[in-house]
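> Starting off with a structure, shown below.
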Number of protein chains: 2
Amino acid sequence: MQRSVVPSELQVEVEQFPPLEAPPSTHVDPFKLAEPDLRPLSDSIKDLVGIDHPVLNKVARHFFDMQGKRFRPTILLLVSQALGSARDSPAFTRQKRLAEIAEMIHTASLIHDDVIDVSDMRRGARTVHKIFGNKVAVLAGDFLLARASVLLARLGDTKVVELMATVLEDMVHGEMMQARAEPDDLLSFEHYTLKNYLKTGSLISLSCQSAAVLSGAQADGALGVAARDYGRHLGVAYQLIDDLLDFTASEEQLGKPALADMASGLATAPALFAARQFPEMAGLIKRQFSQETDLEAAYDFVQRSDGVAKSRRLAEVHAQLAISNVRALPGRDETVKQALTQLCHDVLNRRA
Amino acid sequence: MQRSVVPSELQVEVEQFPPLEAPPSTHVDPFKLAEPDLRPLSDSIKDLVGIDHPVLNKVARHFFDMQGKRFRPTILLLVSQALGSARDSPAFTRQKRLAEIAEMIHTASLIHDDVIDVSDMRRGARTVHKIFGNKVAVLAGDFLLARASVLLARLGDTKVVELMATVLEDMVHGEMMQARAEPDDLLSFEHYTLKNYLKTGSLISLSCQSAAVLSGAQADGALGVAARDYGRHLGVAYQLIDDLLDFTASEEQLGKPALADMASGLATAPALFAARQFPEMAGLIKRQFSQETDLEAAYDFVQRSDGVAKSRRLAEVHAQLAISNVRALPGRDETVKQALTQLCHDVLNRRA
């Protein structure tokens, strides 16, 4: 199941890739463009998950309301239109359902992520756990996954079921890579890249590919691959910026402490790039910044290195690769394609 | 989604149902009969789950090795043959895969069941948690469910995917009913019966129905319904005996403390029947046996009541209903059908 997501030279030798092109001249807000289809979809998700049990309902709403922009559904609604689906077509109805399913899977993974261990409890329970407890978190996540499976089955396309089931596997595999990384894994860019793809990219990538299948395309044909690769590179760019913001955004902007990744023992792209310039950084990464002054020292190395700049450049390379795949989509509505391109720029430019 | 599993009069007025018929005159051991197909299947499950990650592998093996007899796969292999599938037929190959999937879902539910709350930890962590931790338990369960979804999708039958996805929903729903029962729910036989069906019966029932679909039958046709109802009534009987053994088996036989259900606040059939004879029992049930002498007092009420006998009789009614559905299956191998009948008697007769 291990797979190489991007050629390994792409991971560090980013200079040879073409620069990011300028954003579309007329600014199209992708979230505004998707909103007419997005709003009923949000209500629909709440209906789909909320009927059975008041507590599950509460947990689910807690999560659905927490997330601001619906990144994944927005991508899928726009990609579906760029694939050629008219907004009143039967294909688009099924693609909207797929967008709901993707959001449910994403939410389930957030909920299961919040299950805590004894060790965490000693450090003080996290918010969601405090409200609902571990058991309810497990059940609520399971419930969303089960609902998603039922809805997927009803779409009646076994290729789509297989793609989305692979997403579930990938996400678990990614979490597992993170939970049980060996010291050498922690220092490996390949390990980091693959983990990011599995945790974040797979859902976006394979749900875009599924949208192509629902539009009548072959999963592995030109359209299926273009949709998949758009999602894949956008997802990787998104995660790289997320990792970078942990070093550059202030606590207030992020709504969480900066350096949270390193504080929890994780070395992301900026730290890994820094380790190439400052070999002493490797030791800190391998011991997961566990000694008292490690966090400060590591942050210092990152600031003295070009780690942040290189990470941004790597995100740009992925954004550009995503953009180049938009061109391969057959839809005639240029506004939709501009929105998909704009989304890549927005991901690069977000500040928190 | 609430559904009535058995007519409500069946739940308590068991006298009017015909008595359990005698077991087949020649004794057929269902587990021995299924064994030639069961052994490679066990290895196959380990291969299916074990390839990706050593820790997941370890967790999965821990669970797969713990379970002795493979109750669910045995049922499915025999039901498939009773539906008419020859052991060398393509249908049987897919039905064997279904048996693996059912066992994976069952195992995932056991693993997620073992995730513990802060409150549990204060009382001392449970075994599996101690070994692997909450996070790994969640991931391992998720992984098995994801694998099961992928394998299901590959079977390429959307009706089967839908039935098995419904099982996942039912199991979560059942757990949720148990985790969040109100005092009046605790006293309700309907609540108890539905919860048992959702937690235990649904998997057995709907996987038997899926086996019928894989044999070419309509899910809601005569064969689909006969397979489903065989599984359903067998599952309910199994759970009733399980609940009854908590009152009658010694600690040594069960490998766990007797009265474990009441100790964890759950009133099962014997306690619910006792409450109909001794109204004082109702108060104990509603407060989940939480006061110091409650457990002893409740056990006393059960012993003075006909709760255990009535529970056994109810299990017999379900076993007999399961047996009557065996007759509707078209397979010509009478030994297989005898084994399915014997299985119903074995469930009633187990001592631990």
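> Per-residue mean of other chain beta-carbon atoms within 10 angstrom of the beta-carbon, peptide A:155-166?
Shielding by partners across A:155-166 averages 5.
> A further question on this structure: For residue B:184, place a label point 7 Å out from Cα along the Cα→Cβ vector, do the same in each other copy, and report the separations in nm, one decimal, smallest first.
6.3
> Chains A and B: buried accessible surface, both sides, probe 1.4 Å, rounded to 100 Å²?
By this definition, chains A and B bury close to 4000 Å².
> Using DSSP to define loop residues, name the trypsin sites (Lys or Arg not before Pro) in the range B:241-314 whose beta-carbon has at most 15 other beta-carbon atoms within 10 Å. Each step should come with its number before you reach the end.
Values: sites: B:276, B:286, B:287, B:304, B:310, B:312, B:313; in loops: B:287.
Loop-located and lightly packed - B:287.
> Just in the range A:265-310: which GluC sites (Glu not before Pro) are loop by DSSP and have at most 13 other Cβ atoms within 10 Å?
Sites meeting the loop and neighbour criteria: A:292.
> Across peptide B:178-184, what mean number of C-beta atoms from other chains lies inside 10 Å of a residue's C-beta?
Taking the mean over all residues of the peptide, I get 2.
> While we're looking at this one, here's another question. Can you compute the modelled spin-label distance between residue A:93 and residue A:110, with each label point 7 Å from Cα toward Cβ, in nm?
The modelled label-to-label distance comes out at 2.9 nm.
> Per-residue HN-Hα couplings for the range A:99-104, Karplus 6.51 cos²θ - 1.76 cosθ + 1.60 at θ = phi - 60°, whole Hz, x for Gly and Pro?
Values per residue, Gly and Pro as x: 4, 5, 4, 4, 5, 5 Hz.
> Now, a different point. Could you pull the copy-to-copy label distances for residue A:218, with points set 7 Å along Cα to Cβ, in nm to one decimal and sorted shortest first?
3.7
> Assuming R0 = 56 Å, what is the FRET efficiency of residue B:26 and residue A:332, from their Cβ-Cβ distance, to the nearest 0.05?
The computed FRET efficiency comes out at 0.15.
> I'd like to compare A:194-205, A:229-240: which one has the highest average count of other Cβ atoms within 10 Å, and what's the full order after that? Before the final figure, lay out each step's value.
Values: A:194-205: 24.0, A:229-240: 26.3.
Going from most to least packed, we get A:229-240, A:194-205.
> Anything over 30 Å Cα to Cα? Flag those among B:135/B:286; B:96/B:195; A:310/A:337; B:310/B:337; A:159/A:310; B:135/B:195, in the order listed.
Correct reply: B:135/B:286; A:159/A:310.
> To continue, here is another question. Which distances, in nm and shortest first, link the residue B:26 label point to the same label point in every other copy, taking 7 Å along Cα→Cβ?
With the label placed 7 Å along Cα→Cβ, residue B:26 yields 8.3 nm.
The values are calculated or read from the model by the stated rules, or taken from the named source; none is laboratory data. Keep in mind it's a predicted model, so treat the numbers as computed, not measured. When we count neighbours, we look across all protein chains shown, and the Cβ atoms used for this are built from the backbone with ideal geometry, even at glycine. Just so you know, the surface numbers come from the protein's heavy atoms only, side chains and all, with ligands and any DNA or RNA stripped out. Shrake-Rupley method; radii C 1.70, N 1.55, O 1.52, S 1.80 Å.
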